[in-house]
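Where a number appears in this text, it was derived from the coordinates with a stated rule and is not lab data. Computed from a prediction, not measured in an experiment: that's the story for all the values here. Here the Cβ positions follow ideal geometry from the backbone for every residue, glycine too, while neighbour counts run over all protein chains shown.
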Amino acid sequence: MLSTESLEKIDREIAKYPVEQKQSAVMSALAIAQTEKGWLANETMDFVAEYLGMQPIAVYEVATFYNMYNLEPVGKYKLTVCTNLPCALSGGNEAAAYLKQKLGIGFNQTTSDGQFTLQEGECMGACGDSPVLLVNNTRMCSFMSNEMIDEMLEELRK
Amino acid sequence: MKEYPLTLLNGVDSSNPDNWRLRSYEAREGYAALKKILSKRITPEEIIEEVKKSALRGRGGAGFPTGLKWSFMPKNYDGDKYIVCNSDEGEPGTFKDRDIMHFNPHLLIEGMIIAAYAMGVKAGYNYIHGEIWATYERMEEAVDEARAAGYLGDNILGSSFSFNLYNHHGYGAYICGEETALLESIEGKKGQPRFKPPFPANYGLYGKPTTINNTETFASVPWLIRNGGEAYLNLGKPNNGGTKIFSVSGHVNKPGNYEIPMGTPFAELLELAGGMRGGRKLKGCIPGGSSMPVLPGDIMMEADMDYDSIAKAGSMLGSGAVIIMDDTTCMVRALERLAYFYFEESCGQCTPCREGTGWLYRIVNRIEHGKGRPEDLDLLDNIADNIQGRTICALGDAAAMPVRAMIQHFRDEFTYHIEHKKCMV
């Protein structure tokens, strides 16, 4: 259900916790599963539950509580823009508006070619670098002027 | 520009890609505090005394005296105890812990090792904010370096003391910055805060005695051990020891992190951050992260940056996140965005917060969009009253306090919005 590579990563996470506390690895296991599959289908979560010896409902609870998990399919690149107050004071909303215009979509929508999903994010802890956006939960892009956004989109489209 | 003493970012050069590594850290007195403790056989009690003397207070937001917190951990306890670092830095305006971990990760690791020694703890977790993946990866690498060099693991530097440290990566939930929600999250559950008591020192991670400190708090420890608690205290002012990193964001020329001694005038911090953008006037400032009450510019310009001075001015130092707003800022719109944040991040466990944050947001939203009613300001106050102090954790207070302070200090602006259906800015 998950690749050997993903399972090895999950095993490394499990080793961080006491042997009887495998459940502690559920957040990273779901993140690793999501990186491989793109999103968390029920059968993926069920697999994680079985792998960690948890009830499936306990895994669904975690997946639905933390907002970086994708509970439905997203584009190849999920772009999350921070519009919280400190970012809003320094161009966060303008960056979001520019992305909407460039991609022709609103928040929580995916471009018809399946390349990009746009999301509004909450504080990423990088308020001094505003406008800030996150690509696929892992790559943070700072000081995103319109020119920088153009460059980023061009690079990702390649 | 004036030179300030540094205890956290001393010798840190973010432009040098290898500056964060173990060898560079050792070259700037890194791990000297740990070596001093182990070679001179300084006792755990002596360390806690030194931390008490330093007047180091929790840098995550509450400002609780660190030495006192450490002394709450049960001694002669048979079984596992834990320390946990709260690096789930999600309070809007705050971005200091990311820079400590990214540019000086071994400082945090050394601080945690010393804390573990002082409290007789063998394992610790560092819970890292979900959105900063690159920093998590760096912390993983730094922990590997420290382990390979014998600073972490069994019999550290040949002593009888053993300590293991692990990084735990969050995945996007503001509430996990609340210490008991964070513990639930490490246990692999929804991050919903626990009722206190019992406090974590008695019933913490996996039900074991646990002490949770903020990243910057742990990172403050090596300097104060090397130089003594009194020297640390003297950098700041009584009851507010040491230096602190302030994250300055919003309408300034040079947003960023600035480390200054406790008690430094706000006006100096503003100057360090390049002054107001476009030379405009300071209208308001949130001095301690989005959960803290806003202060009008003129009050802020007279205040000093320490726990007691900011409390006297009518707000709280919180995490030291300084959000600067100039006279082009619409306070209704600013509050609307903050109200939305708390609505979005309420964990849903307590009714006053789950329902109340939504009510607060919807009312501010209608005022902002020209649909406000004359009774709305009293209604907002009333709802805030019914949230504050009536929930398990402080998220309810965090949602209520900005609303009350905004209306208290900028009431005219809210009234104008309601009466004229538009903004006065």
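Computed over every Cα-Cα pair of the protein assembly as shown and binned at 10 Å starting from 0, the pair-distance distribution P(r) comes out as 3, 17, 28, 28, 17, 6, 1, 0 percent. Percent of Cα pairs in segment A:4-65 per distance bin of 10 Å, from zero to the largest separation: 24, 60, 16. The residues neighbouring B:V252, those whose beta-carbon lies less than 12 Å from its own, together hold a net charge of +1 under the Lys/Arg +1, Asp/Glu -1 convention.
Largest mean-square fluctuation among B:A339, B:A149, B:A400, in a Gaussian network model of chain B whose springs join Cα atoms under 10 Å apart, belongs to B:A149. The phi-based Karplus calculation (6.51 cos²θ - 1.76 cosθ + 1.60; θ = phi - 60°) puts the 3J(HN,Hα) values of segment B:206-215 at 6, x, 9, x, 9, 10, 10, 10, 6, 3 Hz, whole numbers, x for Gly and Pro. The calculated Kirkwood hydrodynamic radius for segment A:104-145 is 11.4 Å, given to one decimal from all distinct C-alpha pairs. The chymotrypsin sites (Phe, Trp or Tyr not before Pro) of segment B:45-125 that meet both conditions, a loop assignment by DSSP and at most 14 other Cβ atoms within 10 Å of the site Cβ, are B:F72, B:Y77. The distance separating the Cα centre of segment B:366-390 from that of segment B:216-245 comes to 42 Å. When the square roots of the Cα gyration tensor eigenvalues are ordered a ≥ b ≥ c, the ratio a/c for segment B:126-202 is 1.5 or more and a/b does not exceed b/c, which makes its shape oblate. In chain B, a dipole from Cβ-located charges (positive for Lys and Arg, negative for Asp and Glu) runs towards its positive end, and of B:G191, B:T43, B:I109 it is B:T43 whose Cα lies farthest in that direction. Could you tell me which trypsin sites (Lys or Arg not before Pro) in segment B:41-103 are loop residues by DSSP with no more than 16 other beta carbons within 10 angstrom of their beta carbon? Sparse-neighbourhood loop trypsin sites (Lys or Arg not before Pro): B:R41, B:K75.
Shape summary of chain B, radius of gyration then Dmax from alpha carbon positions: 21.9, 73 Å. Binning the C-alpha pair distances of chain A at 5 Å intervals from 0 yields a P(r) profile of 2, 9, 17, 18, 16, 13, 11, 9, 4, 1, 0 %, listed from the shortest bin outward. Mean-square fluctuations from a GNM of chain B, with a 10 angstrom spring cutoff on Cα atoms, peak among B:D88, B:D327, B:D308 at B:D327.
Taking amide H as placed 1.01 Å from N in the peptide plane, B:F246 has its amide H under 5 Å from the amide H of B:Y258, B:E259, B:I260, each at least 5 places away in sequence or on another chain. Restricting the calculation to Cα atoms, every distinct pair contributes to the Kirkwood radius of segment B:235-329, found to be 12.8 Å.
Could you tell me which of the pairs B:K53/B:K244; A:K37/B:K96; B:K52/B:K244 are separated by over 26 angstrom between their Cα atoms in the structure shown? The pairs that break the limit, which is 26 Å between Cα atoms, are A:K37/B:K96. Just to be sure I understand the rule: take each whole DSSP H helix in chain B, project its Cα atoms onto its long axis, keep it if the span is 15 Å or more and its mean Kyte-Doolittle hydropathy is at least 0.5. Which ones pass? Span-like helices here: B:105-119. Do any trypsin sites (Lys or Arg not before Pro) in segment B:305-339 lie in a DSSP loop with no more than 15 other beta carbon atoms within 10 Å, and if so, which? Here no loop site has a sparse enough neighbourhood. Residues whose amide H lies under 5 Å from that of B:A201, counting only those 5 or more places away or on a different chain, are B:T210; hydrogens are built 1.01 Å from N in the peptide plane.
Just so you know, the averaged projected area of the alpha carbon convex hull for segment A:77-157 sits at 4.5 nm². Over segment B:157-262, the reciprocal of the mean inverse Cα-Cα separation, the Kirkwood hydrodynamic radius, stands at 16.9 Å.
Comparing Cα centroids, segment B:1-73 and segment A:81-158 end up 37 angstrom apart.
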